[in-house]
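Please read the structure below before turning to the comments.
The values are calculated or read from the model by the stated rules, or taken from the named source; none is laboratory data. Quantities reported herein were computed from a predicted structural model and do not represent experimental measurements. Because the Cβ atoms are built from the backbone with ideal geometry, glycine has one as well, and the counts that use them run over all protein chains shown. Accessible surface is based on the protein model in full, side chains and every heavy atom, while ligands, DNA and RNA are left aside. Shrake-Rupley method; radii C 1.70, N 1.55, O 1.52, S 1.80 Å.
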Amino acid sequence: MKRSNLPLLIPSDGLTVSIGKSEVRLILLTDRELGALAPKEKIFKVADRDGMYVAVLPTGTKAFRYDYRLNGRRETLAIGRYDPALKQTRDPEALEYGMGLSLREARTLLDRARLDVERGVSPSRAKVEKRTAANEALTFGGWAEKYFAFKADPKSGAEQLADSTLELRRSTYKRTLEAEIGRLRLEEITVPRARTVLEDIKDKRGPAVALHAREVVRAVFVHAQSSGMQVINPCDVVRAASIARLEPRDRALSPDEIRKFLTALERVACAPTLRMALRFVLLTGVRKSEFIDATWPEIDFDKGLWTIPAERMKASKAHVVPLSEQAQDILVAFRSCFAASEYLHPGRYDHDVPISNATLNRVIDAAVKIIQKDDPEFQPFGVHDLRRTFSTGLNRAKFDERWVEMSLAHAPKNRIAAVYNVNRYLSERRIMLQCWADMIDAWVRGESARELIADAKRRAAEVHEDDLDNDL
């Protein structure tokens, strides 16, 4: 292991001891000094005693670590993380490496580790072996619970599942898999056994349930493998198509699927403006025909609005679309490329006609093929599914249903209030659509959008009556 080059800080408190005729100053940390340590741009460490120190991460985490030498090799043990909320010292037998610790408890584990080193035992390797043994002892049910906990944790970032998706998978496991394979170890769930279980589920509950159950099995094995387990995922052999084939009429992309699609889209061999066109449809939630036939007089760059005239709307009623910053950037690019055309995106060979009705779907198909090289289970979709993704994504984020429906140009059930309400929520919809664009950007970066959503809802709730009057 390489010697650390992290800066070493010395706290003021210490203890002087005599060794022969010499005096040695031993540095000891205090809880007060630990609490005062502020994170920096780079990780740094502060010494305590006997090789233990605190590594202060840029995130603010303060981790106790112990450097030692064994058999001529330098090793580091991650003792645990500092938890200032711990006031009472626990029984030493209850302490484990890796848990939240007080300073006193960390020193207790340090003494335990030093005794191991004196006996020639590596505490770092022993910790890994113990964790590995615990993992190997887990049944499929145990791994399923670890998987659900990971997917529910906000700290999982882009890996976190929507509550509705997580509830569906947990319910599917409880109803169809727990009794059959919950108590089996992972290596006991062979390809033939997995196929038999899934075929039984198909016979008893139908193909859709069997496919959901297969997805749960596949996901749990993937999680175990990413945790270091050397096991074969039976669903690498038991493909979804071999269990059942469903042709879903409705398709809404999840945040992870949006990330995969937009990433693959950049690799499609087509005009850059076609990639922008698909992003624009996803950002605005409009129908394909509403975008294809759109002309420049409908765009108000000054107000950041796109007004689709009544004659082009399905409900024969004008529809106003607040444009996010990202959507306006795309329109600027269109204007630069197609300044001579009246259409936002004209045809390839004739700028006097709009883009072909099938062009965007062909680009999507090309992106899906790229995705399926790495993810054969990725399901195809069309342009209209981007509108459905827009609707589903905003509803899952729990934005006001009225704002979402009006963004989709759906007429309110109360026809008498329709004219009044369509315009009333323009300010809120502007905030929501900007948030939607920012959500997509966050997902593409592999980040969570929770804070973006919470902030947008807070700002939308603070829309003043003056703003409402201006909307009427």
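When the test is whether a residue is on the phi < 0 side of the Ramachandran plot and either over 30 Å from the mean Cα position of the chain (by Cα) or in contact (Cβ under 8 Å) with a residue 40 or more places away in the chain (or both), Val209 does not pass it. Apart from one condition, Glu290 fits all of (1) surrounded by fewer than 21 Cβ atoms within 10 Å (Cβ to Cβ); (2) in a helix (DSSP H, G or I); the exception is (1).
Scanning segment 212-231 for residues that are free of Cβ contacts under 8 Å to residues at least 12 places away in the same chain and of a type in the set (Val, Ile, Thr) yields a single hit, Val222.
Step by step: first the residues of segment 232-241, then only those that are under 13 Å from Glu377 (Cα atoms) and either without any contact (Cβ under 8 Å) to a residue 24 or more places away in the chain or in contact with a helix residue (DSSP H, G or I) (Cβ under 8 Å, 6 or more places away or on another chain) (or both), then the one that is surrounded by the most Cβ atoms within 10 Å (Cβ to Cβ). Which residue is that? Here the residue is Cys235.
Do we have His212 as open to solvent by 50 Å² or more (accessible area, probe 1.4 Å) and either in a helix (DSSP H, G or I) or under 20 Å from Glu145 (Cα atoms) (or both) here? So His212 fits the description; yes.
Total residues in segment 66-104 satisfying the condition of being buried (at least 20 other Cβ atoms within 10 Å of the Cβ), on the phi < 0 side of the Ramachandran plot and without any contact (Cβ under 8 Å) to a residue 40 or more places away in the chain: the figure is 3. From the residues in segment 35-49 that are touching a Leu at 6+ places or on another chain (Cβ under 6 Å) and under 21 Å from Thr89 (Cα atoms), which one is surrounded by the most Cβ atoms within 10 Å (Cβ to Cβ)? Top of the filtered list is Asp48.
What about Ala194, is it at pLDDT 90 or above and part of a helix (DSSP H, G or I)? So Ala194 fits the description; yes.
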